[in-house]
Amino acid sequence: MPFRPPSPATPLAPDAFGLWVVPRCALGAALLCLGLAWSGRESDRALLLALQQLSPDWALAWSLLTWSALGIASLLWLTALSSREPRRVAGILIAMLLGGIVVHAIKRSLGVDRPLAVFGADHPLFQVIGEPLRRGSMPSGHTTTAWTVAGLMTLSSARGAIWRHGWWLLAAAQGLSRVMVGAHWPSDVLAGAGVGLILAPTVWCLGWTQRLGQWLDQPHVRPWVGGALPVLALLLCLLDLGTPLPLASCALLISLGLYGMWRWSSPLLQPAVPSA
């Protein structure tokens, strides 16, 4: 059966570059500077306690949101949903490398204590959900990942798509969850969102990203990408990543992995259109 080559990734239009990329980088820089300037202030600590007190008792929901912003989890669901835009997958792979370097460099240079190290485990208002962390608070790496993913998903989608706003809402909820589980200060989340806003358009426009996206779109590579997704989903269910996953969440992950495998492989199973 002859193969139909998969459609190439849609490049970012020149008008979209000026309309979306430049404002995002400017906003990202502003959020990063605001987060750095706000870090360690009493208002930062007071807001964390206020948010935790105002939040409903949604421990499982906050845990799952914060878990979904892990790099390996984000890689799974972004790849599963990007069979027609391999450039997104290339973008998140490069962003995870560059973003990891940037985030850990800032963490090591600033050495900001996490909320647990400041409030202590016996504080009457402060709570920790999940793994108790004490060092390397600024910025939030989970939030950086979440806002990078949202940026990649919206840069490569049609400007008129209403659903694109949902990615920003999800990224905001994932960042907020880092405060609710007691892992980060609000200033860390602001700075992480800023890094993500800068990182997404930067990696999207890199020549490395375009070339890697084209390679991932090759007919002999796509089945390997799809086949890796169920394996990745299974590993996420089995590995201890700080948040125990309910059985329903594991079933959803496996289903997502199988869906992604089908989407990445399906173009190869379609017969080519006969030439006129």
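Filter the range 193-215 down to the residues that are buried (at least 23 other Cβ atoms within 10 Å of the Cβ) and of a type in the set (A, V, I, L, M, F, W, C) and list them by number. Once the filter is applied, which keeps residues that are buried (at least 23 other Cβ atoms within 10 Å of the Cβ) and of a type in the set (A, V, I, L, M, F, W, C), the range 193-215 yields 193, 195, 197, 198, 199, 200, 203, 204.
Find the residue count for the range 236-251, including only residues that are surrounded by 14 or more Cβ atoms within 10 Å (Cβ to Cβ) and either without any contact (Cβ under 8 Å) to a residue 60 or more places away in the chain or touching a Pro at 6+ places or on another chain (Cβ under 8 Å) (or both). Spell out how you get there, then give the answer.
Residues of the range 236-251 surrounded by 14 or more Cβ atoms within 10 Å (Cβ to Cβ): 236-237, 241-243, 245, 249-250.
With the extra rule that they be either without any contact (Cβ under 8 Å) to a residue 60 or more places away in the chain or touching a Pro at 6+ places or on another chain (Cβ under 8 Å) (or both), the set shrinks to 237, 250.
Total meeting the criteria: 2.
Could you identify the single residue in 181, 149 that is touching a residue at least 12 places away in the same chain (Cβ under 8 Å), crowded, with 20+ Cβ neighbours inside 10 Å and within 21 Å of residue 259 (Cβ to Cβ)?
Working: 181 fails: within 21 Å of residue 259 (Cβ to Cβ).
Being touching a residue at least 12 places away in the same chain (Cβ under 8 Å), crowded, with 20+ Cβ neighbours inside 10 Å and within 21 Å of residue 259 (Cβ to Cβ) holds for just one of 181, 149, which is 149.
All conditions but one from (1) of a type in the set (D, E, K, R); (2) in contact (Cβ under 8 Å) with a residue 12 or more places away in the chain; (3) out of contact with any helix residue (DSSP H, G or I) (no Cβ under 7 Å at 6 or more places or on another chain); (4) over 21 Å from residue 195 (Cα atoms) apply to residue 108; the one that does not is (4).
Do we find that residue 262 is surrounded by fewer than 22 Cβ atoms within 10 Å (Cβ to Cβ) and over 18 Å from the mean Cα position of the chain (by Cα) in this structure?
Details: surrounded by fewer than 22 Cβ atoms within 10 Å (Cβ to Cβ): yes; over 18 Å from the mean Cα position of the chain (by Cα): yes.
Here the answer is yes, as residue 262 does meet what is asked.
For the range 35-63, filtering for residues that are among the aliphatic types (A, V, I, L, M) and crowded, with 16+ Cβ neighbours inside 10 Å leaves 4.
Counting only helices (runs of 4 or more DSSP H) that sit wholly inside the range 108-187, not one has at least 3 residues that are charged (D, E, K, R), more than 22 Å from the chain's Cα centre (by Cα) and more than 17 Å from residue 43 (Cα to Cα). For the range 120-148, filtering for residues that are at pLDDT below 95 and of a type in the set (A, V, I, L, M, F, W, C) leaves 6. Could you tell me whether residue 189 is at pLDDT 95 or above, among the aliphatic types (A, V, I, L, M), within 20 Å of residue 30 (Cα to Cα) and crowded, with 16+ Cβ neighbours inside 10 Å? Yes.
The values are calculated or read from the model by the stated rules, or taken from the named source; none is laboratory data. Everything quoted here is computed from the prediction, not taken from an experiment. Every residue, glycine among them, receives a Cβ derived from its backbone with ideal geometry; neighbour counts consider all protein chains shown.
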